[in-house]
Amino acid sequence: QVQFVESGGGLVQAGGSLRLSCVISGRTLGVSVIGWYRQVPGQQREMVATVTKGGSPSYADSVKGRFAITRDNAKNTVYLQMNSLKPEDTAVYYCSALRLGVRYWGQGTQVTVSS
């Protein structure tokens, strides 16, 4: 019902930057909060950043001041600018959308930060 195309992941050295993009399609009417989550093998998936339809962002404490989430409603796209990356940011990053009380997930994109 809601499809995602995620891009921008990859390998970067510590201190570097990456920009993740997520294009949402399908039943986008009713989508409210969009966000990025991440997961390391053997650990729970955690919220990284979310943004409301009005553009209000929320961030995990671990990324505040380093990451910035933005949203283009006209393009149904959400971006995550990641600066000052650390090895502990290494994870699979998932785009997610909340639509009418149901959360949908993208397939994930790998981000690896080398020390």
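Just tell me which lysines come within less than 20 Å, Cα to Cα, of residue 75; anything on the same chain fewer than 8 places away is out.
Of all the lysines, those that pass the test against residue 75 - Cα under 20 Å, at least 8 places apart if same chain - are 53.
With every protein chain present, what accessible area does residue 18 have (1.4 Å probe, heavy atoms only), rounded to the nearest 10 Å²?
Only protein atoms counted, so the area is about 30 Å².
Going by amide H atoms built from the backbone, whose H comes under 5 Å of the H on residue 3, apart from near neighbours?
Answer set, sorted by chain and number: 25, 26, 27.
I want to verify the translational diffusion coefficient of the chain in µm²/s; compute it with Stokes-Einstein, Rh as the Kirkwood radius over Cα pairs, at 37 °C and 0.692 mPa s.
Working: Rh = 14.0 Å.
In µm²/s, the coefficient is 234.
Kindly write out, for segment 89-101 in residue order, the coupling ³J(HN,Hα) from the Karplus curve 6.51 cos²θ - 1.76 cosθ + 1.60 (θ = phi - 60°), rounded to whole Hz, with x marking Gly and Pro.
Coupling constants for segment 89-101: 7, 4, 4, 8, 9, 10, 7, 9, 9, 9, 10, 6, x Hz.
Find which of 83, 51, 107 sits farthest along the positive direction of the dipole of the chain, computed with +1 on the beta-carbon of Lys and Arg, -1 on that of Asp and Glu, about the Cα centre.
51
Using label points projected 7 Å from each Cα along Cα→Cβ, tell me how many nm separate residue 39 and residue 19, to one decimal.
2.8
What is the magnitude of the charge dipole of the chain about its Cα centre, with +1 placed on the Cβ of each Lys and Arg, -1 on the Cβ of each Asp and Glu, and no other charges, expressed in debye to the nearest 20?
Details: 12 positive and 6 negative charges, 62 e Å.
Using only the charged Cβ atoms, the result is roughly 300 debye.
Subtracting the Cα-Cα distance from 0.36 nm times the residue separation, let me have the gained length for residue 105 to residue 11 in nm, one decimal.
Values: separation 94, 0.36 × 94 = 33.84 nm, distance 2.24 nm.
Extending this stretch completely gives an extra 31.6 nm.
So what's the gap between the Cα centers of segment 20-34 and segment 55-115, to the nearest angstrom?
Answer, in whole Å: 13.
The values are calculated or read from the model by the stated rules, or taken from the named source; none is laboratory data. Quantities reported herein were computed from a predicted structural model and do not represent experimental measurements. Cβ: placed from backbone, ideal geometry, glycine included. Neighbour counts: every protein chain shown. Side chains included, ligands, DNA and RNA excluded: accessible areas come from the protein's heavy atoms. Shrake-Rupley method; radii C 1.70, N 1.55, O 1.52, S 1.80 Å.
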